[in-house]
Amino acid sequence: NAGVTQTPKFQVLKTGQSMTLQCAQDMNHEYMSWYRQDPGMGLRLIHYSVGAGITDQGEVPNGYNVSRSTTEDFPLRLLSAAPSQTSVYFCASSSRAANYGYTFGSGTRLTVV
Amino acid sequence: QQQVKQSPQSLIVQKGGISIINCAYENTAFDYFPWYQQFPGKGPALLIAIRPDVSEKKEGRFTISFNKSAKQFSLHIMDSQPGDSATYFCAATGNSGGSNYKLTFGKGTLLTVNP
């Protein structure tokens, strides 16, 4: 049971480049989320999904897009990377059956230069 | 508007001591309050959680105390060990008031347990 898998683990981008952070879960969880973690800021919600085809914005959605075509996958797209998007990104999933306890991936450390 | 306020930012405890981390929330629609533990370079991991129908939940050395009227909850780590040194996050969520079970986190507490 792999849980929540995030790729890549590390990435360096130039300002203006685009990229997709991948997230996959094999627990059949209906809820999936993307967070960014910055020093002193805790974990802030970027985007959220309650099931395939349904997404919603979180606290800091600007500059990011998501889609959820399957239950398993929830990719996060950076449209035009900016230095302010340098952060550690975590994907997480949960379900009603799991009593809403979220399982987190191991994170992607992104640096935008 | 920060919906979950966590204190202290950092905490140093001697081995065998009690670590206490406090959180306060604002949204009365929250009905699930988890605590997460995060080690450097790792993702947060669910440690313990409570719902507001109970005032306390204990799992091993970890206890959550919950005060619904004050909208506060706290994590107590008894007999703290150096291996407990990590960052702890409180969080809150619910399924009404637009929360739809989105997790809102506190800003975290860096716990150091000295040997």
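Of all the options B:Ser19, B:Ser69, B:Ser55, the one that moves most in a Gaussian network model of chain B with Cα springs shorter than 10 angstrom is B:Ser69. Result for chain A in a Gaussian network model with C-alpha springs under 10 Å: among A:Gln17, A:Gln25, A:Gln57, the largest mean-square fluctuation is at A:Gln17. Averaged over the residues of B:101-110, the number of partner chain Cβ atoms lying within 10 Å of the residue Cβ comes to 6. Here's how it looks for B:Ala29: its modeled amide H is under 5 Å from none belonging to a residue 5 or more places away or on a different chain.
Please enumerate, by chain and number, the lysines with C-alpha under 26 Å from the C-alpha of B:Lys15, excluding those fewer than 8 residues away in the same chain. Straight-distance partners of B:Lys15: B:Lys42, B:Lys57, B:Lys58, B:Lys107.
Accessible surface calculations at 1.4 Å, restricted to protein heavy atoms, place the range A:1-65 at 50 Å² per residue. As a calculated quantity, the FRET efficiency between B:Lys57 and A:Ile54 at R0 = 35 Å, using C-beta atoms, amounts to about 0.65.
Within chain A, DSSP assigns beta bridges of which about 90% are antiparallel (rounded to the nearest 5). The string of couplings for the range B:31-39 from the Karplus curve (6.51, -1.76, 1.60, θ = phi - 60°) is 9, 8, 10, x, 10, 10, 10, 10, 8 Hz, one whole number per residue in order, with x for Gly and Pro. Using a probe of 1.4 angstrom, how much of the accessible area of the protein assembly as shown is carbon and sulfur, in percent? Carbon-and-sulfur percentage of accessible area, whole number: 49. Semi-axis lengths, largest first, of the ellipsoid equivalent to chain A are 23, 14, 13 Å, with √(5λ) applied to each eigenvalue of the Cα gyration tensor. Relative contact order of chain B, taken over Cα pairs closer than 8 Å and 6 or more residues apart, is 37 percent. Rounded to whole Å, give me the distance from the Cα center of the range A:1-29 to that of the range B:39-60. For the range A:1-29 versus the range B:39-60, the Cα centre distance is 26 Å. Both chains summed, the buried accessible area for A and B stands near 1600 Å², from protein heavy atoms and a 1.4 Å probe.
The values are calculated or read from the model by the stated rules, or taken from the named source; none is laboratory data. Please read these numbers as outputs of a predicted model, since none were measured by experiment. A quick note on method: Cβ atoms are made from the backbone with ideal geometry, for glycine too, and the neighbour counts reach across all protein chains shown. Quick note on the areas: whole protein, heavy atoms, side chains included, nothing else; ligands and nucleic acids left out. Shrake-Rupley method; radii C 1.70, N 1.55, O 1.52, S 1.80 Å.
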